[in-house]
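What follows is a set of notes on a single structure, which appears directly below.
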Amino acid sequence: MKRVLTALVLIPAVVWLVLFAPAWAFQLALAAIGLIAFWEFDKIAEANGIARAGYAGMAAGLALMFAPLPEIVVVLVAFVGMTLAMRVANLSGAMAAGAAFLLGVVYIFGSFRCAIQLRGINPDWLMFALLLSWAGDTAALYVGKAFGRHALAPRVSPAKTWEGAIGSVAGGILAGWLYAHYRIAPAPVAGVLAIAAAGNIAGQLGDLCESAMKRGAGVKDSGSSLPGHGGWLDRIDSSLFSIPVVYALVAVLLPRLGYVY
């Protein structure tokens, strides 16, 4: 019940922010979620025995989200992470600390920068990217329960099956095609189907990657701020992978198919 109630609050809020909110409200909400998710990521890193990035990582993340010339910001973030890593008590952990600093910033805030860019092209494309994971998760749950026989990644997430993963791709493609048909009509069908499949698969990989980090740290959830869902990182792990993939394909693939923004 907690999971359902949380979803009933979150989904309308997300739809409003993505499709109808002014840019400043959308970006402010995204920054807040990014900071919480990064704090949760930092806790997972600490549980893995890696020094936390702390407020410096959060500041670097906001810079990557909003500063111009993101390619330069990424390089500078790497420099900052490596420099701060020298403070660890045991220098054998310096490389891991610097790497985790950069990973957390790019993984969360880099993806959110892509969300801002994708919304700038068309808010419906961002909604499309989110829908791929939402619909895919639902399809995977029911297909996996009914037909799941073969484990997908038993070391990482024992409950997931290949049958559920295939159901997720099918559900994501169907939902993406329906949404694009009614909301992004000029988009070529072949491109929409390809982007939906790629975005859904990326989202499933994102979910597995976060599960691997949590399992390595010996924690079940990234946090407890969302009743029934765990933490914010648990809720957005799929989208952190699907959004950049959809953005890249919308920006690069569709123009080659004759799609004009």
Margin query: For the range 16-67: of the residues being touching a Phe, Trp or Tyr at 6+ places or on another chain (Cβ under 6 Å) and closer than 19 Å to Ile121 by Cβ, which is surrounded by the most Cβ atoms within 10 Å (Cβ to Cβ)?
Written below: Met65
Check: Of all residues in the range 203-219 being surrounded by fewer than 22 Cβ atoms within 10 Å (Cβ to Cβ) and under 11 Å from the mean Cα position of the chain (by Cα), which is nearest to Ala129 (Cα to Cα)?
Finding: Leu205
Notebook entry, point to check: within 16 Å of Leu141 (Cα to Cα), surrounded by 16 or more Cβ atoms within 10 Å (Cβ to Cβ) and either free of Cβ contacts under 8 Å to residues at least 40 places away in the same chain or touching a Leu at 6+ places or on another chain (Cβ under 7 Å) (or both): does that describe Ala197?
Noted result: no
Check: So is Val252 part of a loop (DSSP other than H, G, I, E, B) and of a type in the set (Val, Ile, Thr) or not?
Finding: no
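Here is a yes/no grid of residues against (1) surrounded by fewer than 21 Cβ atoms within 10 Å (Cβ to Cβ); (2) within 16 Å of the chain's Cα centre (by Cα); (3) hydroxyl-bearing (Ser, Thr, Tyr):
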site	(1), (2), (3)
Leu126	no, yes, no
Gly136	no, yes, no
Ala139	no, no, no
Arg149	yes, no, no
Ala153	yes, no, no
Val156	yes, no, no
Ala165	no, no, no
Ile173	no, no, no
Next item on the list: Confirm whether Asp124 is of a type in the set (D, E, K, R), touching a residue at least 40 places away in the same chain (Cβ under 8 Å) and in contact with a Leu (Cβ under 8 Å, 6 or more places away or on another chain).
Entry: yes
Checklist line | Members of the range 85-120 that are closer than 30 Å to Val14 by Cα and β-branched (Val, Ile, Thr) | finding: Val105, Val106, Ile108, Ile116
Notebook entry, point to check: Just wondering, is there one or more residues in the range 210-224 that are in a helix (DSSP H, G or I), closer than 26 Å to Ala37 by Cα, in contact with a His (Cβ under 8 Å, 6 or more places away or on another chain) and not polar (S, T, N, Q)?
Noted result: no
Check: Given the conditions (1) surrounded by fewer than 20 Cβ atoms within 10 Å (Cβ to Cβ); (2) part of a loop (DSSP other than H, G, I, E, B), which single one is not true for Leu10?
Finding: (2)
Check: Right, Ser222: crowded, with 24+ Cβ neighbours inside 10 Å and at pLDDT below 90 or not?
Finding: yes
Note to self: out of contact with any Ser or Thr (no Cβ under 6 Å at 6 or more places or on another chain) and closer than 21 Å to Leu28 by Cα: is that true of Leu64 in this structure?
What the structure shows: yes
Note to self: Given the criteria closer than 22 Å to Glu210 by Cα, part of a helix (DSSP H, G or I), touching a Ser or Thr at 6+ places or on another chain (Cβ under 9 Å) and not hydroxyl-bearing (Ser, Thr, Tyr), does Ile33 qualify?
What the structure shows: no
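The values are calculated or read from the model by the stated rules, or taken from the named source; none is laboratory data. None of these values were measured; they are calculated from a predicted model. When we count neighbours, we look across all protein chains shown, and the Cβ atoms used for this are built from the backbone with ideal geometry, even at glycine.
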